[in-house]
Structure formats: structure tokens, C-alpha cells
Amino acid sequence: MELLFFGYFAGIIALTAMLVVALKNPIYSALSLLIMFFHVAGLYVTLHAEFLAAVQVIVYAGAILVLYLFVVMLLNLKRDDRYHSQWRIAAFVCVPLCVEFLVLGVSGRVMTRPEQTAAPSGDGLAAAPAIGDNTLAIGETLFSTYLYPFEVASLILLVAMIGAIILAKRDIMEVSSDG
Amino acid sequence: MTMVPISYYLILSVVVFLTGVVGVLIRRNIIAILLSVELMLNATNINFVAFSEHLQDLGGQVFVFFALTVAAAEVAVGLAIIIALHRSKDTINVEEFNLLRW
């Protein structure tokens, strides 16, 4: 039964990922990416990561994609995009890589669940909490063990905000000469 | 209840990641290149969450949290750069930006 859910989500994710690359119109690519984001969130729910699924929908589908669509409509792009002139080299590099990874994944038997009875949980990493609530568990580890990276992440967001505003605004000299 | 073996998640992650790599290499539209970079980031996030569930370690999900943050910051700055580029040259075809080519 879980295999059915995984098969559905994985199939749609792979299909929409290829559509993002293949479609010529950038708006269609962005919309296909939106469908992929929702199905990745669904996959997170099947992996018992419900908080991450919600954050994925809010941040990726709700903020990042909206930003992309704003910029595409702002720049008013035409759909005269052809593939790069060196696309044959790119395909020549990537097709053997894909085949190799598929062969490794299918042939090499990664350890299955009953084998890992001695799970490596207490090596200084956050051990699996016995609580059923994923949000509570993530909150407890995020604000205790990973507090320093959390503060650094807020600094990254501040820098990105400042940088985006400075890069996208018009030249200050230009503005003052108009007014 | 059968568990989905982790190799399935890894193969899915690899397929999406390689699709993103191919997208970065062959598309000429800068917006499409950035969308392919988002594909790659999502593929690694799937990988992290799958391992976090498999090894019962919450560190994987916390890392996805931070990767999401960095992806959002990168998208903001990247799109601002695209707007600045479009303002100066009125095209977003990457082959037109060739001043630094040998």
C-alpha cells in the first residue's frame, strides 16, 4: 500500500521534473515545477516528515515559485528559447551517468530495515525521539542542538534581502537626476 | 505493511538530480536554468529526508530546513541579478553574455 503511494508520487515527480527541462515556455516550466513541489511535499508526508511538508509548500510553492512567476511576467519573455548549441555534449555526459546510477541502485542491495537494529543514534547527533509529533521533535532539536546554524541561517536571509534590494533597484544617480 | 526500500528513494533522487543537471547544461533561458537548480536542490532534499526516516535520525530533516533557507536566499539574489542583467542588455539568453569568454 505504501508502495502505491510512493509509486504515484515518484512517478509524478520524475515526469514533472523532465517537463521542467523540456518545455520551452518558462511559465509552463514554472507551473510544472509547482506540481513537482506539491508531490515532493506529499512524499515527505509518507516519510513521516509532516512539518517539512508544510514548510515545503509554504516556502517553495508559496514564495519561491511566486517570485519566479513575478520575474517572468515582469520581463515579458518570449518563448523563442531553443536548446543550447552544445546540448549533444551535455546529453553525452549525462546519459552514461544516469545509466550508471541506475545500475548501481538496482544491483547494490542497500541495507533493508530489519538489518539496522543497532541504529547509530547517540553519536552526538539528535536521537530519534519517542514522541509522535514531528513538529515538536524538530523544534526540540532545532533550538537545542542546532541553535547556532539556525542563527546563521537568519543572517543568510538578512544578507540575501539586502543584496536583492541593492541589485534590483535603479541607480541612485539616475533617480536623483529625474526628480 | 511493507516498507519502501531506501534504494527507491535514492534512485528517484538521482533521476531528479540528473534532470536538473541536464537542464542547467542545455537550456539557454536564465530563468529555466535557475528552475533546474531548484530541481537539484529538491532532489538532495528528498535524499536527506529519506535517510532521516531510514536511520531514525532527525538531523536529516533539520538539514533540509537549512537547505530550504539557503535555496530561498539564492533564488532572491539570483532573480535580482537577472533583473539587473535584463535592464542592461534586454535579453536573457545566456549565450549573449559573452564578454568574459575566452
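None of the figures in this text is laboratory data; all of them are computed from the coordinates on show. Keep in mind that this is a model prediction, so the values were computed, not measured. Glycine also receives a Cβ, built like all others from the backbone with ideal geometry; neighbour counts cover every protein chain displayed.
Key figures for this structure:
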quantity: Mean separation of Cα contacts under 8 Å, 6 or more apart, over the residue count of segment B:28-94: relative contact order %; calculated: 44 percent
quantity: For segment B:27-76, convex hull of alpha carbons as volume per residue, Å³; calculated: 45 Å³
quantity: Rounded to 10°, Cα long-axis angle of helix B:30-54 versus longest principal axis of chain B; calculated: 10 degrees
quantity: Kirkwood Rh, Cα atoms: Rg over Rh of chain B; calculated: 1.12
quantity: Cα lying deepest toward the dipole's positive end in chain B, options B:Leu34, B:Ser88, B:Tyr9, charges on Cβ; calculated: B:Ser88
quantity: Spin-label pair B:Leu99/A:Leu147, simplified geometry with 7 Å Cα→Cβ offset, distance in nm; calculated: 4.8 nm
quantity: Which of A:Ser154, B:Ser36 has the fewest Cβ neighbours within 10 Å, and the rest in rising order; calculated: A:Ser154, B:Ser36
quantity: Fewest-first sequence of B:Asp57, A:Asp133, A:Asp171 by Cβ atoms within 10 Å of each Cβ; calculated: A:Asp171, A:Asp133, B:Asp57
quantity: C-alpha long axis of helix B:59-89 to longest principal axis of chain B, angle in °; calculated: 10 degrees
quantity: Tensor-based shape of segment A:1-80 (alpha-carbon gyration tensor, a/c under 1.5 rounded, otherwise prolate or oblate); calculated: oblate
quantity: Chain B: angle of helix B:6-26 to the longest principal axis, Cα-based, in degrees nearest 10; calculated: 0 degrees
quantity: Partner chain coverage, peptide A:7-15 - average Cβ within 10 angstrom; calculated: 3
